[in-house]
Amino acid sequence: MDVTTLLNGANCTRPTVTELRLSAFKSHRGVVLPLGPLTLFAGASGSGKSSVLQMYEALARLGAGDELETAFPEPAACVPEWAEADGQGRRGFRIGCTVDGPAGPVQLDLAVQAEPELRVVGERLTSGGRTLLTTALRDPGRSSVQAAWHTAGAATVTRAPLPDDRLGTALLPLRVAGKTQGQLQVLAAAEQVVVALRSVFACDPQPQRMREPVAAGEGRLRRGCDNLAEVLHRTRSQCAKRHARLAAAARVGCAGDVADLAVEELGDGTVRALLGRSGARGATPVGRLGEGELRYLALALVLLTGPGVLAMDQAAEVPAAYQSLTVLADGFDRCLDPRQSRELLSLGAEMCARGHIRLVGAVADASYARGVDGVTVVDLVP
């Protein structure tokens, strides 16, 4: 079954994660967090803002087919301090999300054992009050879980083992034939969740790594934005409108007069980014900018670009019209002054209102964001 057919439902709704559930994860217990087009998690240090984004990114990795150890490199740190081990010394955590789209709201819930070894011990996919997939660890001595998914044919469910180190939902498109109405429902729900989770780009600009010239290459922006100059080199030559919009943002968020964003090709094959200045001032290498200016430029570039310019795993088999890029930005306003924070928020709200991008960020103080149209502020308490 072609994924485009599965997602070509009424109103061509883009699959999006609209809710996160941290049933038992780090400091969170029984927490349900709504997500809008632009959501900021606010709270003091220790309130669990970064934990929420970490959990979201981990789900995204699992949706892309990564193994548990890649999604959770330090699984023991994800177990709540209050979680007690059972008689076999096992402890773990439970997380989940809701994905809206053509198939309607679909809920994914996952139970993970972190100690004494990392493995999936339970997974449930539900939609419209119907359980579409369940998995359970039946035999601790085997590296598999017993799975059952809805069929609605001669047999009401199909049972088969699935690996205990991957998300079962992401494997269903390879296992379900799509011959019965029940199987088609399972496929539609699973594909909706996978598309939404794969369309995530976690971004944390690192100013100290953005100052040096970089080799000119394919121009896909990395997580730390250290190859900012390389990407600007690409956007300047391939997308004049997007580049002009970024230059306009630079004029607001960077000190002094900014006429343009330029890229200089150096003799050793590398490139460096410059702020073009009006008059006789010439140009300022971005390496001379402050940390706030560099983070501001990098995040503005992410908001103005798309999956094709970001170093992320694209769902290439799904048309862009059915995808919505979600940017995760921990420390969204880190190092920014109030003017830069307001301008970046305004840019984010504008881009998110268009429907092809969503933003989830963590901030210490959301006072500048409260009451802004299109912005959802979720306060977390330690």
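Identify the single condition in (1) among the hydrophobic types (A, V, I, L, M, F, W, C); (2) closer than 30 Å to ARG272 by Cβ; (3) in a helix (DSSP H, G or I) that LEU184 does not satisfy, given that it satisfies every other one.
All conditions pass for LEU184, except number (2).
Step by step: first the residues of region 191-244, then only those that are of a type in the set (Lys, Arg) and without any contact (Cβ under 8 Å) to a residue 60 or more places away in the chain, then the one that is surrounded by the most Cβ atoms within 10 Å (Cβ to Cβ). Which residue is that?
Filtering region 191-244 for residues that are of a type in the set (Lys, Arg) and without any contact (Cβ under 8 Å) to a residue 60 or more places away in the chain, the one surrounded by the most Cβ atoms within 10 Å (Cβ to Cβ) comes out as ARG236.
Determine which member of the set ARG166, ARG142 is farther than 23 Å from GLN54 by Cβ, open to solvent by 10 Å² or more (accessible area, probe 1.4 Å) and basic (Lys, Arg).
Just a single option satisfies the conditions, and that option is ARG142.
Select from region 28-73 the residues that are touching a Pro at 6+ places or on another chain (Cβ under 7 Å) and hydroxyl-bearing (Ser, Thr, Tyr) and list them in ascending order.
SER47
Within region 250-260, how many residues turn out to be assigned to a strand (DSSP E or B) and within 17 Å of GLU291 (Cα to Cα)?
Here the count works out to 0.
For the condition assigned to a strand (DSSP E or B), in contact with a His (Cβ under 8 Å, 6 or more places away or on another chain) and open to solvent by 10 Å² or more (accessible area, probe 1.4 Å), what is the one hit in THR131, THR135?
THR131
State all residues of region 323-370 that are free of Cβ contacts under 8 Å to residues at least 60 places away in the same chain, among the acidic types (Asp, Glu) and in a loop (DSSP other than H, G, I, E, B); if no residue qualifies, say none.
Result: ASP333, ASP337.
Go through region 248-269 and count every residue that is in contact with a Gly (Cβ under 9 Å, 6 or more places away or on another chain), free of Cβ contacts under 8 Å to residues at least 24 places away in the same chain and closer than 18 Å to THR305 by Cα.
The total comes to 1.
In region 343-382, which residue that is farther than 20 Å from LEU197 by Cβ and among the basic types (Lys, Arg) is least open to solvent (accessible area, probe 1.4 Å)?
Ranking the qualifying residues of region 343-382, first place goes to ARG370.
Return the only residue of GLU123, GLU57, GLU69 being open to solvent by 60 Å² or more (accessible area, probe 1.4 Å) and at pLDDT 95 or above.
Exactly one residue qualifies, and that residue is GLU69.
The values are calculated or read from the model by the stated rules, or taken from the named source; none is laboratory data. Note that the coordinates shown come from a computational prediction; the quantities given were computed from them, not determined experimentally. With ideal geometry, Cβ positions are generated from the backbone for all residues, glycine too; neighbour counts draw on all protein chains shown. Just so you know, the surface numbers come from the protein's heavy atoms only, side chains and all, with ligands and any DNA or RNA stripped out. Shrake-Rupley method; radii C 1.70, N 1.55, O 1.52, S 1.80 Å.
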